[in-house]
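The values are calculated or read from the model by the stated rules, or taken from the named source; none is laboratory data. Note that the structure is a prediction, hence the values are computed from the model and not measured. Note that each Cβ is placed from the backbone with ideal geometry, even for glycine, and that neighbours are counted across all protein chains shown. The protein model used for the area step is the full one, side chains on, heavy atoms only, and it has no ligands, DNA or RNA in it. Shrake-Rupley method; radii C 1.70, N 1.55, O 1.52, S 1.80 Å.
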Amino acid sequence: MAMDPNRLWAKSKGEDEAPRPSMFLPGHLQDVYASAMRVLDSTADEQLKALGLDCAAYRERFRRCVLLAAAVHDLGKANDHFQGMLLRSAARRDRQQGLRHEWVTLLIMQRLGDWLLPAVGGSRTDLAIVEWAVTGHHPAHNHESPPRKAPDGCGVEIQLLTAHPDFKAALEWIRTTFGLEAPPKLPHEKLDLGVLKGAFVEINRVWKPKSQQQWDRMSIRGDDPKLIAAVKNTLVAADIAGSALPKLTPNPEWQWITDSFADLPASGDLQSIVDARLAGAIPRSFQTDVSDSTARVTFVKAGCGSGKTLAAYMWAAKNHPTRRLFFCYPTTGTATEGFKDYLFIPELKEKADLFHSRREVDFEIVLKVNGDTANAETDAALRVDALDSWSTPIVACTVDTVLGIVQNNKRGLFAWPALAQSAFVFDEIHAYDDRLFGALLRFLRDLPGLPALLMTASLPNARHDALRDALKAEALALEPICGPPALEALKRYKRAITPDSDPLPLVCETHNSGGKVLWVCNTVQRVITAAVRAAGEGLKPIVYHSRFKYEDRVQQHAKVIDAFKGDGPALAICSQVAEMSLDLSANLLVTDLAPVPALIQRLGRLNRRATKDESWPFVVVEPDNHLPYTQADLDGARAWLARLGLGDLGQRDLASAWEQTEDRPTDVIASAWLDGGPTTTVTDLREVSPGITVLMREDVSRAGTNPKKLGRYVLPMPPPRARDWNTWPKFRGVIPIAEPGAIIYDAERGAEWA
């Protein structure tokens, strides 16, 4: 059934679908309003408390702003560009929209401003907050805020369809919902899309002066910027749910929202994780000290093998047994391993989940569960992975899932109402780059209502001081709870100096005597070179790095783990992926010189199961250049190694030498979410390294048959030097498809540019 061109559509319709009220503009606005009501009823006070806002002072303002924003957010879809795009009319086919619908909504709100004002208690400031939320409810890296010009080829004008019966019906519904006067009658109106004309002139005329004046005024009022952030996020969340739920049934089950936010850990759920892990054993006194901490932010500093992960679950079970728990890991690999080790148990089948960008593949390959049915109820209901967090009591995830909110990354924005109900564990915080650590500081400082546990093997004094500074308003001392002294002091390592600085003879000697060797290189090319050299000596190294198709990378990961668990010799030659995601114990570690946090992580794979003083050797190789790090990073590592000396070493020695590092403190960074005010932009959470994600032509058909499994086949690669990859065709318009012969690929060696 074709889409009726005489209606105003808010959502597209498949050819075999029957039209539903939710697809039309009035119905969609009502859906998002209903969704917003449920989100507010379930989480409004928790959101305000998380941000440190007084509920009595902000509750009604928050509610009024969100509900009006939900009711008007898509009025701008009443324009000929958007309707033509959905209807695929001959006049608009293959053309971009000249102005995104959220900015058209702003223009329409200018024509309705006085009429809408009573809906926010007569406050011009709160009406401005509604405008800012509406114009930012589709945040993306490529969305300017505000827009400056129309895309090429979109046409010279845009028509507002404000006299359309569906638009009038939407205004009439708004009138009755908010108890307003009769709405003004707006005619159809054409706006010029020239750079210095019409729509863009009006946007900049009403946006910049008004937004700056309102923002200046609110800056004096202290906490209003946090209110703005909450309004924006709640509208985004309501729009996602208000769009997804109606796809299930003509009568949307809004109760799902209420039930989801009520689905918190039951008393005893978190304790069941602890009990399963302890299996009747007595916890270490260090672990009990962690669980006894009642501080809003608890800091744990303990080395590998100390049992700090179990201590974290003990802390959550004792202090926050009925708060949602987000256990945040630095990488997808560590998140999957953490989920597998602690949460993948029968008692938590309906209670715990894994969140990261490749979880579907990990469910199927790593955890041996069909990825499409592992969380079938929620996926079938919503088809929006980000909303799973609303109904999941216990989550293992990458830290990006949580801290992404600081920079308006979508996973964090979508999850916000659930985050406001949660407690957090941030693991391996020493592995954060400066930008990510700065985001952690903002999260801890500006969300004083959320409890958090920070864990690390060690931390430079400068970063510890930065944490204290971020929390000084709460007068938190943030004294670390340290790991078991005897275990921290255990002598586990000793640096070995090899003749001619070549580790290969010692590698061969250790391997041939039945030992297990982990060799970590700084670049993929150095991994491959080392593997070729080892193979030339008759060894059979397992190669593991990031430049595999993900399904092959998972297999290589498993091969390494199995080789080190089994009897007999083993040799794995890896890139930095070995630093955190490999739970293994080597007899010999060979590592390129790297930044101190990376070296400490790599040393955590050496003699990992030590129970007595027994120092096993590690060799540090000078790489031929500093990449992918900076020269300063490697200079700092050389100074650290000099402080360590050549004697026997324990975890405490590694940490103490690093803590003495003369390092600049990490700054509290700007937050696109909390500092954005009128504008909504998306910025990077982590420091960005150059790279592209490509798809080999042979995998296009496999990826196309099941879009959710695309993650199996894409390859992360450095930009090719001799090829113009920007001219390659794009899979779904986004991922470059490598030209034939561009990539040499082997399932056991990985990918190289030809």
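A 1.4 Å probe run over the chain, with the rest of the protein chains in place, finds 40 Å² accessible per residue. Taken one residue at a time, the phi angles of segment 403-418 give Karplus couplings (6.51, -1.76, 1.60, θ = phi - 60°) of 6, x, 4, 4, 10, 6, 6, 4, 4, x, 4, 4, 7, 3, x, 6 Hz. Gly and Pro are set to x. Over 20 Å apart at the Cα level, from the set 340/559; 149/410; 11/77; 77/190; 301/565, are 149/410; 301/565.
Take residue 247: with every protein chain present and a 1.4 Å probe, its accessible area is about 140 Å².
Across all Cα pairs in segment 598-754, the calculated P(r) in 10 Å bins from zero up to the longest distance comes to 7, 23, 22, 25, 19, 4, 0 percent per bin. A 1.4 Å probe, protein heavy atoms only, puts the accessible area of residue 698 near 110 Å². The residues 105, 630, 498, sorted by heavy-atom accessible surface at 1.4 Å with ligands and nucleic acids left out, run 630, 498, 105 from largest to smallest. Using alpha carbons only, how many degrees (0 to 90, rounded to 10) separate the axis of helix 124-135 from the longest principal axis of the chain? For 124-135 against the chain, the angle is about 60 degrees. Separation of the alpha carbons by more than 26 angstrom is noted, of 540/612; 226/472; 226/318, for 540/612; 226/318.
Please calculate the 1.4 Å probe accessible area of residue 60, with all protein chains present, and give it to the nearest 10 Å². Counting only protein heavy atoms, residue 60 exposes about 100 Å² to solvent.
Report the calculated FRET efficiency for residue 462 and residue 124 (r = Cβ-Cβ distance, R0 = 51 Å), to the nearest 0.05.
Numbers: r = 45 Å, r/R0 = 0.88.
For R0 = 51 Å, the calculated efficiency reads 0.70.
From the mean inverse distance of alpha carbon pairs (Kirkwood) and the Cα radius of gyration, derive Rg over Rh for segment 547-683. Could you put the intermediate results ahead of the total?
Details: Rg = 18.8 Å, Rh = 17.7 Å.
On the Cα set of segment 547-683, Rg over Rh gives 1.06.
Dividing the C-alpha radius of gyration of segment 40-125 by 2.2 N^0.38 Å, with N its residue count, gives 1.46.
Estimated purely from DSSP H runs of n ≥ 4, each contributing -39500 (n - 2.57), the mean residue ellipticity at 222 nm for the chain is -13000 deg cm²/dmol once divided by its residues. FRET efficiency for residue 276 and residue 614, Cβ-Cβ distance as r, R0 = 30 Å, nearest 0.05? With R0 = 30 Å, the Cβ-Cβ based efficiency is 0.45. For the chain, what does the relative contact order come out to in percent, with C-alpha contacts under 8 Å and a separation of six or more? Here the relative contact order equals 13 percent. Taking other residues whose beta carbon is less than 15 angstrom from the beta carbon of residue 626, and scoring Lys, Arg as +1 and Asp, Glu as -1, yields -3.
Which sequence of 511, 141, 28 reflects their accessible areas, 1.4 Å probe, from the largest down? Mind showing how you got there, number by number?
Details: 511 35, 141 125, 28 0 Å².
The residues order as 141, 511, 28, largest area first.
When all protein chains stay in place and ligands, DNA and RNA are ignored, the 1.4 Å accessible-area order of 149, 351, 208, 13, largest first, is 149, 208, 351, 13.
Between residue 4 and residue 110, 0.36 nm times their residue separation minus their Cα-Cα distance comes to what? Walk me through the intermediate numbers first.
Numbers: separation 106, 0.36 × 106 = 38.16 nm, distance 2.91 nm.
Contour length minus Cα-Cα distance gives 35.2 nm.
Between the amide H of residue 160 and those of 189, 190, 191, distances stay under 5 Å, these residues lying 5 or more places away or on another chain, with hydrogens modeled in the peptide plane. Of all DSSP beta bridges confined to the chain, the antiparallel ones make up roughly 25%. Of all the accessible heavy-atom surface of the chain, with the other protein chains kept in place and a 1.4 Å probe, what percent is carbon and sulfur? C and S fraction of accessible area: 51 percent. At a Cα cut-off below 16 Å, give the lysines reachable from residue 709, other chains included and same-chain residues fewer than 8 away excluded. Counting by Cα, and skipping residues close in sequence, residue 709 has these lysines nearby: 368, 549.
With the highest mean first, a sort of the peptides 150-159, 389-398 on other beta-carbon atoms found within 10 angstrom per residue produces 389-398, 150-159. Between residue 138 and residue 340, the modelled label-to-label distance comes to 4.0 nm, taking each label 7 Å out from Cα in the direction of the beta carbon.
Annotation: for a label point projected 7 angstrom from Cα along Cα→Cβ of residue 159, residues of segment 16-39 with backbone N closer than 20 Å are 25-26.
Mind ranking 709-715, 321-327, 201-207 by how tightly packed they are, going by the mean number of other C-beta atoms within 10 angstrom, highest first? Walk me through the numbers before you get to the answer.
Values: 709-715: 20.3, 321-327: 22.1, 201-207: 16.1.
Taking the mean over residues of other Cβ atoms within 10 Å, the ranking is 321-327, 709-715, 201-207.
Size descriptor for the chain, Kirkwood hydrodynamic radius: 28.2 Å (Cα pairs only, one decimal).
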